[in-house]
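One structure is given here, and the rest of the page talks about it.
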Amino acid sequence: MATAFWSVNVIQHPRCERPSIASRKPSSAFLGSTLKLRFNPPSRSNFGFSETLRKSSPISAISDVFEEKKQKSASSSSSLLITKEEGLEVYEDMVLGRCFEDMCAQMYYRGKMFGFVHLYNGQEAVSTGFIKLLKKEDCVVSTYRDHVHALSKGVPAREVMSELFGKTTGCCRGQGGSMHMFSKEHNVLGGFAFIGEGIPVATGAAFTSKYRKEALNEADCDHVTLAFFGDGTCNNGQFYECLNMAALWKLPIVFVVENNLWAIGMSHLRSTSDPEIWKKGPAFGMPGVHVDGMDVLKVREVAKEAIGRARRGEGPTLVECETYRFRGHSLADPDELRDPAEKAHYAARDPITALKKYMIENNLAKEGEFKAIDKKIDEIVEDSVEFADESPQPSRSQLLENVFADPKGFGIGPDGRYRCEDPKFTEGTAHV
Amino acid sequence: MERDPCVCVMGEDVGHYGGSYKVTKGLAEKYGDLRVLDTPIAENSFTGMGIGAAMTGLRPVVEGMNMGFLLLAFNQISNNCGMLHYTSGGQFKIPIVIRGPGGVGRQLGAEHSQRLESYFQSIPGIQMVACSTPYNAKGLMKAAIRSKNPVILFEHVLLYNLKERIPDEEYVLSLEEAEMVRPGEHVTILTYSRMRYHVMQAAKTLVNKGYDPEVIDIRSLKPFDLYTIGSSVKKTHRVLIVEECMRTGGIGASLTAAITENFHDHLDAPIMCLSSQDVPTPYAGTLENWTVVQPAQIVTAVEQLCQ
């Protein structure tokens with residue numbers, strides 16, 4: 001198992017404009033061939049990555065293995081990729097993510113939430129595929145596109161919706177907002193607005209795990225951290241600095257790249273000299289894996305191995321998930337630059353429909369069970385909106401709380417008392 | 001580090017090398033390479049790593065080999081260190097200490113002679129302290145490590161060779177309090193870090209000339225100890241601030257505003273503030289001397305103030 005994971009994936013890059021380049025297996029592992037996808041980058045140059053595809057590599061990529069498995073699966077249920085319970089759990093989680101985000105859009109346009117809201121529609125397979133394999137003590141670090149990561153990790157929909165409405169019952173008491181979802185109970189370490197700034201925090205959480213095991217001698221501490229970030233972040237210094245440190249110290253972390261090909265309006269191909277992000281892993285001494293991020297079962301298999309590696313103390317992994325966001329970058333993005341053909345292509349690879357199809361075809365579940373889940377999720381999301389609506393807005397007294405863990409940090413006032421002892425402090429009107 | 005196994009150190013050359021100014025000498029041998037971590041040269045990321053570690057239960061002490069290098073970590077210090085406790089609604093505390101040598105040294109050139117206290121002072125959610133003697137360095141360091149808040153501890157490149165007798169028994173100082181260095185009646189001189197020594201040198205001259213200056217080392221750069229400072233202002237009615245920060249937007253500027261706002265009725269003269277010139281610190285020794293405040297200037301300022 002471990003060896004397969006060290007493979008270098010040389011299947012045709014879906015962005016390649018010359019599908020005739022020789023490769024190991026012509027029918028690529030990705031669900032639905034992407035060879036016909038026409039991309040017309042403005043400069044019309046070849047970007048020069050065709051040479052890299054010719055490099056030989058030892059073993060077939062993990063995605064291939066599962067393509068084969070899937071073809072055989074119809075005959076024997078023992079080689080199915082997922083059990084019924086797991087499948088329904090995964091389906092439910094993805095539907096929760098999708099339904100929640102759709103509701104966010106509605107609420108935003110009705111003026112219930114404000115600011116920058118970044119929706120995750122289309123990428124559910126990555127969040128569910130990875131996070132559903134984690135324990136409660138494992139940590140997740142995300143970016144501003146963090147609602148679904150929080151939900152998958154177990155933060156109740158009510159708390160996330162309240163947070164988006166800016167109410168005190170939100171997971172961050174209304175102080176964080178869409179881009180800063182935190183949960184100490186579920187070990188969601190944020191929610192970061194600047195890209196890349198969460199990756200060192202994730203590295204730190206992984207460092208704590210290793211420290212607990214080796215310096216504090218908690219021998220059974222095997223907590224893993226997942227860092228989610230996008231293709232744009234992979235050109236940022238913090239990404240590389242952390243790849244180095246994580247590999248150097250064999251930290252229990254998985255770097256999950258959600259490559260949805262666009263950083264607001266900047267195409268990944270226009271901003272990156274070598275767009276194959278998974279290749280950057282081996283440069284730092286960790287395996288780099290490319291997986292179809294629209295297929296939750298494939299993501300799950302890769303995730304099992306990567307998380308397993310980290311738990312066993314073998315070090316970090318870089319996983320590049322090819323995925324797509326169905327909506328614009330944020331609710332303020334008119335999304336005019338993306339080719340409708342590209343959008344249609346990925347819409348046809350909707351992870352939720354794909355999983356449902358797989359499960360029905362393999363007799364794992366019936367249509368009725370999916371409908372029941374859909375209804376249940378609808379109710380959960382409606383309830384979360386009601387809860388958020390009825391929750392109170394933060395009062396003034398909340399203004400000065402939580403700035404410091406120890407409010408003595410506001411200092412000593414002219415009267416000799418600590419400012420936090422001033423009764424006006426709890427009213428939120430103290431001069432600090 | 002012995003008292004609390006969650007305390008760890010991270011920084012460049014803190015381990016095997018013992019620290020660029022030998023602050024962490026001997027610690028790696030005693031506590032191991034994981035608790036005294038030699039990091040690669042990636043300030044933004046290892047500071048962020050320290051923050052992530054602090055969020056998940058450790059108490060890291062992050063060293064900037066020279067304070068100036070922490071400019072590279074500004075993203076993490078501002079966004080994550082200062083703000084995460086608030087944006088997470090109080091869920092995650094960040095008990096990190098960020099420390100390092102800064103200030104103007106001996107002809108180290110502009111980039112190694114920076115005073116970052118003025119750049120960091122606006123960041124909400126952090127505390128800043130500056131140590132100036134072996135006694136307060138130890139006390140403030142302990143307080144910073146034990147504090148639940150993120151603390152930036154400013155040391156000075158030229159003060160590492162000071163020797164002083166300090167108590168054997170354990171002591172911890174308050175992060176928010178200023179230190180009365182020399183009580184007096186005529187004028188309040190507020191200072192911190194290395195300028196304390198220039199002020200004390202000037203004080204000797206002033207005493208010979210018949211003045212009685214009160215010297216306070218403010219120590220806490222953010223927040224200001226307005227009680228100690230205010231009590232002094234109410235007694236002397238004259239304030240001189242002596243700092244190594246740049247004039248524009250420096251600690252002195254903030255302190256002037258705070259004192260004027262709170263104690264303006266008690267002032268007999270406008271507050272005087274002596275700061276470094278708004279100039280990148282030159283290499284040449286003569287020029288460098290003229291960028292920072294010298295004792296002679298302090299004497300002149302007090303004489304002017306007390307007219």
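The values are calculated or read from the model by the stated rules, or taken from the named source; none is laboratory data. These numbers were taken from a predicted model, which means no experiment stands behind them. Positions of Cβ are backbone-derived with ideal geometry, glycine not excepted, and every protein chain shown enters the neighbour counts.
Every condition in (1) basic (Lys, Arg); (2) under 24 Å from the mean Cα position of the chain (by Cα); (3) buried (at least 20 other Cβ atoms within 10 Å of the Cβ) is met by residue B:35 except one, and the failing one is (2). Restricting region A:187-205 to residues that are assigned to a helix (DSSP H, G or I) and more than 7 Å from chain B (Cβ to nearest Cβ) leaves a set whose member that is nearest to residue A:155 (Cα to Cα) is A:198.
Quickly run through region A:119-151 and pick out the residues that are farther than 29 Å from residue A:220 by Cα, assigned to a loop (DSSP other than H, G, I, E, B) and touching a helix residue (DSSP H, G or I) at 6+ places or on another chain (Cβ under 8 Å). Reasoning before the result, please.
Taking region A:119-151 first, the residues farther than 29 Å from residue A:220 by Cα are A:119-125, A:143-148.
Within this subset, residues satisfying the condition of being assigned to a loop (DSSP other than H, G, I, E, B) are A:119-123, A:143-146.
Result: A:119, A:120, A:121, A:122, A:123, A:143.
Pairs meeting the criteria (first residue in region A:338-352 and closer than 24 Å to residue A:95 by Cα, second residue of a type in the set (Asp, Glu) and in a loop (DSSP other than H, G, I, E, B), beta carbons under 8 Å, at least 6 apart or on different chains) are A:349/A:295; A:351/A:295. Where residues in region A:406-419 are at the interface with chain B (Cβ under 7 Å from one of its Cβ atoms) and not in a loop (DSSP other than H, G, I, E, B), which of them is surrounded by the most Cβ atoms within 10 Å (Cβ to Cβ)? Taking the candidates together, the pick is A:409.
Within this structure, residue A:169 passes the test of being more than 24 Å from residue A:299 (Cα to Cα), more than 13 Å from the chain's Cα centre (by Cα), within 14 Å of another protein chain (Cβ to nearest Cβ) and outside any helix (DSSP H, G or I).
Matching residues to (1) part of a loop (DSSP other than H, G, I, E, B); (2) more than 7 Å from every other protein chain (Cβ to nearest Cβ); (3) acidic (Asp, Glu):
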position	(1), (2), (3)
A:384	no, yes, no
A:387	no, yes, no
A:400	yes, yes, no
A:404	yes, no, no
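Filtering region A:264-293 to residues that are out of contact with any Ser or Thr (no Cβ under 6 Å at 6 or more places or on another chain), under 23 Å from residue A:131 (Cβ atoms) and small (Gly, Ala, Ser) leaves A:281, A:288. Residue under question is residue B:75, and the condition is that it be facing chain A (nearest Cβ under 8 Å) and under 27 Å from residue A:168 (Cβ atoms); does it hold? Spelling it out, it is not the case that residue B:75 is facing chain A (nearest Cβ under 8 Å) and under 27 Å from residue A:168 (Cβ atoms). Residues in region A:315-336 that are buried (at least 24 other Cβ atoms within 10 Å of the Cβ) and of a type in the set (Ser, Thr, Tyr): A:317, A:323. Annotation: of all residues in region A:161-201 being crowded, with 24+ Cβ neighbours inside 10 Å and aliphatic (A, V, I, L, M), the one that is nearest to residue A:380 (Cα to Cα) is A:161.
Before we move on, is residue A:153 within 14 Å of chain B (Cβ to nearest Cβ), in contact with a strand residue (DSSP E or B) (Cβ under 7 Å, 6 or more places away or on another chain) and of a type outside the set (Val, Ile, Thr)? I'd like the intermediate steps shown before the answer.
Values: within 14 Å of chain B (Cβ to nearest Cβ): yes; in contact with a strand residue (DSSP E or B) (Cβ under 7 Å, 6 or more places away or on another chain): yes; of a type outside the set (Val, Ile, Thr): yes.
Judged against the criteria, residue A:153 is a match.
Exactly one residue out of B:177, B:117, B:111, B:185 is buried (at least 23 other Cβ atoms within 10 Å of the Cβ) and not aliphatic (A, V, I, L, M), and it is B:117.
crowded, with 18+ Cβ neighbours inside 10 Å and touching a Cys at 6+ places or on another chain (Cβ under 9 Å): is that true of residue B:220 in this structure?
Values: crowded, with 18+ Cβ neighbours inside 10 Å: yes; touching a Cys at 6+ places or on another chain (Cβ under 9 Å): no.
Here the answer is no, as residue B:220 does not meet what is asked.
Might you let me know whether region B:22-39 holds any residue that is within 11 Å of chain A (Cβ to nearest Cβ), without any contact (Cβ under 8 Å) to a residue 12 or more places away in the chain and farther than 26 Å from residue B:121 by Cα? So far as region B:22-39 goes, yes, one or more of its residues are within 11 Å of chain A (Cβ to nearest Cβ), without any contact (Cβ under 8 Å) to a residue 12 or more places away in the chain and farther than 26 Å from residue B:121 by Cα.
For region A:401-427, which positions are touching a His at 6+ places or on another chain (Cβ under 8 Å) and more than 16 Å from residue B:262 (Cβ to Cβ)? Matches in region A:401-427: A:402, A:403, A:404, A:405. Check region A:96-110 and report whether any residue there is part of a loop (DSSP other than H, G, I, E, B) and not aromatic (Phe, Trp, Tyr). Yes, region A:96-110 contains a residue that is part of a loop (DSSP other than H, G, I, E, B) and not aromatic (Phe, Trp, Tyr). Here residue A:208 qualifies as modelled with pLDDT of 95 or more, facing chain B (nearest Cβ under 7 Å) and buried (at least 24 other Cβ atoms within 10 Å of the Cβ). Checking each residue in region A:381-393 for being surrounded by fewer than 19 Cβ atoms within 10 Å (Cβ to Cβ) and either more than 15 Å from residue A:158 (Cβ to Cβ) or among the aliphatic types (A, V, I, L, M) (or both) picks out only A:393. In summary, residue A:327 fulfils each of the numbered conditions (1) closer than 30 Å to residue A:359 by Cβ; (2) within 14 Å of another protein chain (Cβ to nearest Cβ) with the single exception of condition (2).
Got a number for residues in region B:229-255 being under 24 Å from residue B:151 (Cβ atoms) and either surrounded by fewer than 16 Cβ atoms within 10 Å (Cβ to Cβ) or touching a strand residue (DSSP E or B) at 6+ places or on another chain (Cβ under 6 Å) (or both)? It would help to see each step written out before you state the result.
Going through region B:229-255, the residues under 24 Å from residue B:151 (Cβ atoms) turn out to be B:229-230, B:241-246, B:249-255.
Going one step further and asking which of them are either surrounded by fewer than 16 Cβ atoms within 10 Å (Cβ to Cβ) or touching a strand residue (DSSP E or B) at 6+ places or on another chain (Cβ under 6 Å) (or both), we end up with B:241-246, B:249-252, B:255.
Final tally of qualifying residues: 11.
Counting only residues that are free of Cβ contacts under 8 Å to residues at least 24 places away in the same chain and surrounded by fewer than 22 Cβ atoms within 10 Å (Cβ to Cβ), which one in region B:73-90 is nearest to residue B:44 (Cα to Cα)? The selected residue is B:79.
Inspect all residues belonging to region B:113-123 and state whether any of them is over 19 Å from residue A:411 (Cα atoms) and more than 13 Å from the chain's Cα centre (by Cα).
The initial filter retains those residues of region B:113-123 that are over 19 Å from residue A:411 (Cα atoms), namely B:113-116, B:119.
This time we only want the ones that are more than 13 Å from the chain's Cα centre (by Cα), so: B:113.
Scanning region B:113-123 turns up at least one residue that is over 19 Å from residue A:411 (Cα atoms) and more than 13 Å from the chain's Cα centre (by Cα).
Condition check for residue B:268 on (1) farther than 20 Å from residue B:104 by Cβ; (2) part of a helix (DSSP H, G or I): one failure, at (2). Taking region B:57-72 as the range and being within 11 Å of chain A (Cβ to nearest Cβ), surrounded by fewer than 24 Cβ atoms within 10 Å (Cβ to Cβ) and assigned to a loop (DSSP other than H, G, I, E, B) as the test, only B:57 passes.
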